[in-house]
1. Whole number please: convex hull volume per residue, Cα atoms of the chain, in Å³.
2. Under a 5 Å amide H to amide H cut-off, with H placed in plane at 1.01 Å, what residues pair with D78 once short-range neighbours are removed?
3. Can you run phi through the Karplus equation (6.51, -1.76, 1.60; θ = phi - 60°) for the range 7-21 and list ³J(HN,Hα) in whole Hz, with x for Gly and Pro?
4. Can you work out the Karplus-derived ³J(HN,Hα) for every residue in the range 24-31? Use 6.51 cos²θ - 1.76 cosθ + 1.60 with θ = phi - 60°, whole Hz, and x for glycine or proline.
5. Hey, how many Å between the Cα centroid of the range 84-113 and the Cα centroid of the range 4-79?
6. Taking amide H positions as placed in the peptide plane 1.01 Å from N, state which residues far from L31 in sequence (5 or more) or on other chains have amide H under 5 Å from it.
7. If I stretch the segment between V83 and S30 completely, what's the gain in nm (0.36 nm per residue apart, minus their alpha carbon distance), one decimal?
8. Unpartnered cysteines of the chain (Cβ-Cβ under 4.7 Å counts as a partner)?
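The values are calculated or read from the model by the stated rules, or taken from the named source; none is laboratory data. Predicted model only: the values in this text are computed from it and were never measured. Please note: Cβ atoms are built from the backbone with ideal geometry, for glycine as well, and neighbour counts cover all protein chains shown. Calculation scope for accessible area: heavy atoms of the full protein, side chains included, ligands and nucleic acids excluded. Shrake-Rupley method; radii C 1.70, N 1.55, O 1.52, S 1.80 Å.
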Amino acid sequence: MHEVSIAQSILDIAITECRKADYKRINSISLRIGKVSGIKIQSLLFAFDIIKIDTIAQGAALICEEVPVVGYCPECHDNFEVVSELILACPECGGARFSINGGRELDIVEIDVD
Ligand SMILES: [Zn+2]
């Protein structure tokens, strides 16, 4: 279950940032997680709830926002949102020469501290 190591990295980053700024407590950590990042949000939340115990993030909530998958079609010169798991063609022109840009990311967008 690689969500445990991901949760640990998020926690480590948050604690490091919090200490650097001389804060004592983490209230929440906001994340943006791509839909095709391969991360199961439920597993991540579960792992985080366990590893945060006895840290300055003990009372912290993990807020996860799912980011849609974005495709780019060079024929249309436009982005489109990928709604199905499997995409074979641009929904506008039916072209197959597209690239997938968004949806794989895992970013920490905000750490709320006291
Ligand atoms: Zn197109």
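1. 106 Å³
2. C73
3. Values per residue, Gly and Pro as x: 4, 5, 5, 4, 4, 4, 4, 4, 5, 4, 5, 4, 5, 4, 8 Hz.
4. 10, 8, 9, 8, 7, 10, 9, 10
5. For the range 84-113 versus the range 4-79, the Cα centre distance is 18 Å.
6. Close amide H contacts, sequence-distant or interchain: I63, C64, E65, V109.
7. Full extension of this stretch gives 16.7 nm more.
8. Isolated Cys, the chain: C18, C64, C93.
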